[in-house]
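Beneath this line is the structure, given in structure tokens, with notes to follow.
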Amino acid sequence: MRRITFDLDVLRSFATGMELGSYAKAADRLGRSTSAVSAQLRKLEEQAGTPIFRRSGRGLALTEAGETMLAYARRLLALNDEAAAAVHGIDLQGWVRLGLSEDFGEALLPAVLGRFARAHPKVRIEARIARSFDLLDRVGSGQLDLALAWGDGGALPHVERVAELPTRWVGPAAGGGFFGSVDDQPHEPLPLAVLEAPCLLRTAATTALDRAGIPWRLAFVSPSLGGLWAAVAAGLGVTIRTDFGLPGSVRVLEPARAPALPALPLTLLRAEAEPDPVTARLAAILAQSVRDALPGLAAVA
């Protein structure tokens with residue numbers, strides 16, 4: 001079998017185009033002409049020996065082989081960038097204060113910290129897991145250098161939108177359909193399990209139900225995400241969250257009568273417009289880790 005060595009520059013153009021949803025945008029970001037990027041993609045298909053794109057309306061979508069290629073491209077590029085950062089930033093020292101929304105504590109934090117620590121062993125990270133509103137306050141007051149939080153960043157000046165995720169109605173993995181009872185008995189209030197106010201998702205849920213004319217009641221209020229998952233798994237009520245980090249004890253509900261829900265932005269918040277090299281490097285790893293973890297959802301530039 002012929003040994004194939006993929007070109008990392010070609011893989012970067014491929015992955016960047018899929019991330020941005022446009023190879024014209026990818027060419028602009030990478031400082032190349034659109035024709036040069038197109039030539040790279042043709043080269044990639046030739047090396048792969050199978051089509052990686054298929055027509056989808058006026059645009060392009062990935063074939064099954066293309067989806068596999070994209071997953072490997074992201075892994076190869078991440079390892080390459082980690083190696084480059086380790087070599088060039090081996091003397092990077094200092095400390096950075098990082099905040100993460102509760103959804104990302106278990107699912108994302110270990111991988112991010114491990115990747116950063118391998119490249120920059122002399123840097124100390126102080127991490128805090130908290131609600132998004134708390135993270136905004138702490139970044140704004142200078143208590144955190146960097147945070148990943150839900151929402152548009154409020155009035156904070158240094159905000160980067162990393163992704164936008166659809167929100168879902170969520171109920172227990174086993175057991176009944178709450179919206180089924182709403183269909184059968186329109187005047188029976190829908191039980192909600194929510195986080196303590198202020199909470200963007202709590203507000204989105206009640207607003208959607210009010211607009212749809214569906215009565216509701218607060219069946220369970222929790223100060224933490226762990227408490228919320230326990231209540232939903234026990235069948236005390238339904239809630240809304242994104243697809244990220246759903247535990248196995250709950251499931252997404254798709255009832256016919258459920259009102260539509262808004263998408264939720266995920267943002268990277270910085271305390272400074274021009275962060276120090278330590279914070280800038282951690283921010284880059286964090287943003288890329290989120291995008292890698294959300295291959296089926298729309299990431300924005």
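The values are calculated or read from the model by the stated rules, or taken from the named source; none is laboratory data. Because the structure is predicted, anything quoted here is derived from the model rather than measured. Cβ coordinates were reconstructed from backbone atoms using ideal geometry, including for glycine residues, and neighbour counts include every protein chain displayed. Each accessible area value is taken on the protein alone, full model and side chains, heavy atoms only, with ligands, DNA and RNA left out. Shrake-Rupley method; radii C 1.70, N 1.55, O 1.52, S 1.80 Å.
Below, the figures for the structure above:
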{"quantity": "In Å², nearest 10: area of THR63 left accessible to a 1.4 Å probe", "calculated": "30"}
{"quantity": "Förster-model FRET efficiency, 25 Å R0, ARG124 and ALA155, C-beta, rounded to 0.05", "calculated": "0.25"}
{"quantity": "Extension gain, GLU272 back to TRP95 (0.36 nm per residue minus Cα-Cα distance, nm)", "calculated": "62.2 nm"}
{"quantity": "Charge dipole (debye, nearest 20) of the chain; +1 at Cβ of Lys and Arg, -1 at Cβ of Asp and Glu", "calculated": "680"}
{"quantity": "Cβ-derived FRET efficiency at R0 41 Å, ALA24 paired with SER224, nearest 0.05", "calculated": "0.40"}
{"quantity": "10 Å Cβ shell holding at most 16 others, DSSP loop, GluC sites (Glu not before Pro): longest site-free stretch of the chain", "calculated": "1-105"}
{"quantity": "Relative contact order (percent, whole number), the chain, Cα cutoff 8 Å, 6+ residue spacing", "calculated": "21"}
{"quantity": "Accessible surface, per residue, of the chain when the full set of protein chains is kept, probe 1.4 Å, Å²", "calculated": "50"}
{"quantity": "At R0 = 25 Å, FRET efficiency that the Cβ-Cβ distance of THR203 and LEU79 yields, to 0.05", "calculated": "0.05"}
{"quantity": "Answer label for Rg and Dmax of the Cα atoms in Å (calculated), chosen among (i) 19.2, 56; (ii) 21.9, 68; (iii) 21.0, 74", "calculated": "(ii)"}
{"quantity": "DSSP-defined antiparallel bridges as percent of all bridges, the stretch 165-261, nearest 5", "calculated": "55"}
{"quantity": "Fraction of antiparallel bridges per DSSP, the chain only, in percent to nearest 5", "calculated": "60"}
{"quantity": "Kyte-Doolittle mean at least -1.0, axial Cα span of 15 Å or more - DSSP H helices of the chain", "calculated": "8-20, 34-48, 64-88, 109-119, 200-212, 277-293"}
{"quantity": "Largest to smallest accessible area among TRP216, TRP169 [probe 1.4 Å]", "calculated": "TRP216, TRP169"}
{"quantity": "In nm, spacing of pseudo-spin labels at ASP210 and PHE53 (7 Å Cα→C-beta vector)", "calculated": "4.7"}
{"quantity": "Given 10 as the ceiling on other Cβ atoms within 10 Å, longest exposed-site-free region of the chain for trypsin sites (Lys or Arg not before Pro) in DSSP loops", "calculated": "59-301"}
{"quantity": "Most mobile listed residue (ALA147, ALA231, ALA219) in the chain, GNM with C-alpha springs under 10 Å", "calculated": "ALA219"}
{"quantity": "LYS43 versus SER141: modelled label distance in nm, points set 7 Å from Cα along the beta carbon direction", "calculated": "5.3"}
{"quantity": "Theoretical gain in end-to-end length, ALA117 to ALA260 [0.36 nm per residue, Cα-Cα removed]", "calculated": "47.3 nm"}
